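Take a look at the structure set out below.
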Amino acid sequence: MNMKHPVIIQGGMGIAVSDWKLAKTVSQTGQLGVVSGTAINSVLVRRLQDGDKEGHVRRALRAFPSQEIAEQILASYFIEGGKEPMKPYKRPAMFGIQSPKALLQLNVAAAFVEVFLAKEGHNNPVGINVLEKVLLPNLSCLYGALLAGVDYVIMGAGIPREIPGALDLLSKSKAASLKVTVDGAVSGEETITTFDPAEVMNGVLPQNLKRPYFFPIVSSSILAANLKKKATGEINGFIVESPLAGGHNAPPRGPMKLDEKGEPIYGPRDVVDLKEMAELGLPFWMAGSYATPEKLAEVQAQGAHGIQVGTLFAFSQESGLTPDVRSEVISRIANNDVPPQGLIFTDPLSSPTGFPFKAVRLGKTIADQETYEKRKRICDLGYLRHAYKKEDGTIGQRCPAEPVEDYVKKGGLREETVGRKCLCNALMADIGMPQVQAGGEIEQPLLTAGDDLNLLGRILKPGQLSYSATEVITYLLS
C-alpha cells in the first residue's frame, strides 16, 4: 500500500463511541476515521435486537463472504421492530482461550459490518482500534476487519508485540496465535489462543487480503524502540499517548503515587521525547490533549506527522454516545457549569485492567462511587476478565469487578476488588444499549473523556449546543 498518511487520526473510542458513522464522516474529509473493535460482537447483537431500524447491519451482512454465517446470526438475534424496552438483551457467549465457533463467527461478522459500513460509498482509508488488554476477541475481530478491507490497525492498552505477525498471517487467511498471560503460571508454561480462518469460516476463505498498516499506541520512546525491534512483523508508525488522553492511560513509570485528589501523579519520566521518537524513522502522531491547531503545528515542527484526537469527536453529532449524555456534557461546558474539582477524574482503581481510567463527573453516572455501590455486581460480558491457573492446573477466568465472593473463590485477593467497576456494562449504556438486569435494574453509563473536553467551547458557535465531526476537522486544520 502506498498512500500518504492522514494528518489527523480520529481516536478509536470503545465501546462503539467511535462507530461506523463517525469513522465514515471523518474518512470522507480525507483524514483517518477509526472504528472501535472493542466488544463489537455485543454491539452487533444489540443493534439487531433493537430492530436494526435503518437496515444498515442487515445490508452489511448481505455483503459478508459467508451468507450461511450471516443468516445464522440473523436467525439468532434479529428482532423485527426491536425488543420490548424492559426485556433484557440476549447475550452472546463469553470469550475463552478456546472460544465457541459460533462466537468467533459472530465476532468476525461484527467487525466486518463495522468496517464495511465505515468504508461504504467512498475510497478513503478507514482504521480499527482494538485493545491489547481485551486479548481473546482480537484475532477474530481483526480477521473480520481485514475481510472488509480495513486500511489501518491501531492498538493500545498494552504491548502488542505479536500483532504485526498475526496480521501477516491473517491477510493470507492463515491461522494466527497470541500468548495469553495467566496469573499463577510458572516460568516456561505457555498458554496460547489460536484463530484459524479455515475452521471458523466454513470453507469460505478469501486469499490475499490487504495487510493494513499497524500503529501501536505507546507512552514512551523506549517502548516504541523496543516494539520496533522485537515485534513479530512490520510496524508502520506509532501513536504516542500522554496521560491527558481519555479512556485507559498507561500507569506512571515507577511506583504509583496519588495526589491529594486521589489521581495518579505523572512526572518528568512520563513526558515523551519527540526528538527520540523522530529518530526511530517511523511516522508518529501525538495523542492526549493535542487537539488545537497551535499544538498540531508545534508537534509537526518537532517531527510528528500529526495528532490523534478522541474527545472532540466523542461529543460530535456523529459519535455513538447517546444524545442526552452528549448534550448534558456540552451544555455544562457551554454554561461553565463545572464542579470545582473539574469534570475529569483519573481513577486509579475503577478499571479491572489495573490501568488508570478517566471518568467524567456527571451526577447520574457510575463515575460516582456512591452511585456505583448501589449496583448489584455482575460479570455477564466478561471482556476484561483475566486468565488464571486453577489448583487442578486448568485455566479459568476472573474479573475484579465481578461479585467479590466469586472473585475470592477463584483465588483472587479481596483487596483487588476495591473500587473496581464493570466498564463493560457501563460503556454499553453510554451508547444507549444498557442491559436490563434481573429485577429490572438498568445498567448506568460511565463516561470517559480526555482533558481536551475543556476545548469544546472553541468549536461551539454562539448559542450552539451541538457540532459535527467535520467542524472538528475544520477547526484543527484552521
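One residue stands out in the stretch 419-438 among those that are outside any loop (DSSP other than H, G, I, E, B) and either within 22 Å of the chain's Cα centre (by Cα) or among the aromatic types (Phe, Trp, Tyr) (or both): the one that is farthest from Gly382 (Cα to Cα), namely Asp430. Within the stretch 40-73, being loosely packed, with under 15 Cβ neighbours inside 10 Å and either in contact with a His (Cβ under 6 Å, 6 or more places away or on another chain) or within 13 Å of Ala109 (Cα to Cα) (or both) holds for Arg59, Arg62, Gln67, Glu68, Glu71.
From the list Pro164, Pro137, which one is touching a Gly at 6+ places or on another chain (Cβ under 9 Å) and buried (at least 24 other Cβ atoms within 10 Å of the Cβ)? That would be Pro137, the only listed residue that is touching a Gly at 6+ places or on another chain (Cβ under 9 Å) and buried (at least 24 other Cβ atoms within 10 Å of the Cβ).
In summary, Lys21 fulfils each of the numbered conditions (1) in contact (Cβ under 8 Å) with a residue 24 or more places away in the chain; (2) more than 28 Å from Ile154 (Cβ to Cβ) with the single exception of condition (2). Candidates Glu391, Glu402: the one that is on the phi < 0 side of the Ramachandran plot, crowded, with 19+ Cβ neighbours inside 10 Å and part of a loop (DSSP other than H, G, I, E, B) is Glu402. Can you tell me which residue in the stretch 367-376 is modelled with the highest pLDDT, limited to those that are of a type outside the set (Gly, Ala, Ser) and part of a loop (DSSP other than H, G, I, E, B)? Looking at the filtered set, the residue picked out is Lys376.
Taking helices (runs of 4 or more DSSP H) as the structural unit, those lying wholly within the stretch 1-95 and holding at least 2 residues that are at pLDDT 95 or above and within 18 Å of Gly320 (Cβ to Cβ) correspond to 20-28, 40-49, 56-61. Across the stretch 424-464, the qualifying residues are those that are surrounded by fewer than 17 Cβ atoms within 10 Å (Cβ to Cβ) and among the polar types (S, T, N, Q), and the one among them that is nearest to Glu84 (Cα to Cα) is Gln437. Please go through the stretch 2-60 and pick out each residue that is at positive phi and out of contact with any Phe, Trp or Tyr (no Cβ under 7 Å at 6 or more places or on another chain). Within the stretch 2-60, Ala16, Gly30, Gly51, Gly55 meet the criteria.
For beta carbons closer than 7 Å, sequence separation of 6+ or different chains, a first residue in the stretch 465-478 that is surrounded by fewer than 17 Cβ atoms within 10 Å (Cβ to Cβ) and a second that is part of a loop (DSSP other than H, G, I, E, B), the qualifying pairs are Ser466/Gln317; Ser468/Ser316; Ser468/Gln317; Ser468/Glu318; Thr470/Thr29. Please verify whether the stretch 343-366 includes one or more residues that are part of a strand (DSSP E or B), under 22 Å from Ala438 (Cα atoms) and more than 19 Å from the chain's Cα centre (by Cα). No: zero hits.
Condition check ((1) surrounded by fewer than 18 Cβ atoms within 10 Å (Cβ to Cβ); (2) modelled with pLDDT under 95) across all residues:
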{"position": "Pro255", "(1), (2)": "yes, yes"}
{"position": "Val271", "(1), (2)": "yes, yes"}
{"position": "Gly281", "(1), (2)": "yes, yes"}
{"position": "Met286", "(1), (2)": "no, no"}
{"position": "Pro293", "(1), (2)": "yes, no"}
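Within the stretch 405-419, the set of residues being of a type in the set (Val, Ile, Thr) and either surrounded by 22 or more Cβ atoms within 10 Å (Cβ to Cβ) or closer than 28 Å to Asn41 by Cβ (or both) comprises Thr417 only. Remark: pairs (first residue in the stretch 307-327, without any contact (Cβ under 8 Å) to a residue 60 or more places away in the chain; second residue part of a loop (DSSP other than H, G, I, E, B); Cβ separation under 9 Å; 6+ apart in sequence or on different chains) = Pro323/Gln317; Pro323/Gly432; Pro323/Ser466; Asp324/Gly432. Checked against (1) out of contact with any Leu (no Cβ under 8 Å at 6 or more places or on another chain); (2) at pLDDT below 90; (3) assigned to a loop (DSSP other than H, G, I, E, B); (4) crowded, with 16+ Cβ neighbours inside 10 Å, Asn336 meets all criteria but (4). Just one of (1) farther than 24 Å from Ser242 by Cβ; (2) at pLDDT 90 or above; (3) within 24 Å of the chain's Cα centre (by Cα) fails for Leu384. It is (1). Testing Gln437 on (1) in contact (Cβ under 8 Å) with a residue 60 or more places away in the chain; (2) in contact with a Lys or Arg (Cβ under 9 Å, 6 or more places away or on another chain); (3) closer than 29 Å to Gln308 by Cβ, one condition comes back false. Which one is that? Single failed check for Gln437: (3). Scanning the stretch 172-210 for residues that are buried (at least 19 other Cβ atoms within 10 Å of the Cβ) and more than 30 Å from Lys390 (Cβ to Cβ) yields Ser173, Pro197, Met201, Leu209.
The sole residue among Gly310, Gly306, Gly288 that is small (Gly, Ala, Ser), touching a Leu at 6+ places or on another chain (Cβ under 8 Å) and under 12 Å from Glu241 (Cβ atoms) is Gly288. Of the residues making up the stretch 439-461, those that are within 19 Å of the chain's Cα centre (by Cα) and among the aliphatic types (A, V, I, L, M) number 4.
Conditions (1) more than 30 Å from Gln444 (Cα to Cα); (2) out of contact with any Pro (no Cβ under 7 Å at 6 or more places or on another chain); (3) not aromatic (Phe, Trp, Tyr), marked per residue:
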{"residue": "Gly233", "(1), (2), (3)": "yes, no, yes"}
{"residue": "Arg269", "(1), (2), (3)": "yes, yes, yes"}
{"residue": "Gly281", "(1), (2), (3)": "yes, yes, yes"}
{"residue": "Ala297", "(1), (2), (3)": "yes, yes, yes"}
{"residue": "Gln300", "(1), (2), (3)": "yes, yes, yes"}
{"residue": "Gly310", "(1), (2), (3)": "no, yes, yes"}
{"residue": "Ala314", "(1), (2), (3)": "no, yes, yes"}
{"residue": "Ser327", "(1), (2), (3)": "no, yes, yes"}
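The values are calculated or read from the model by the stated rules, or taken from the named source; none is laboratory data. Worth saying up front: this structure is predicted, and the values here are computed from it rather than measured. As a convention, Cβ positions derive from the backbone with ideal geometry for all residues, glycine included, and neighbour counts pool all protein chains shown.
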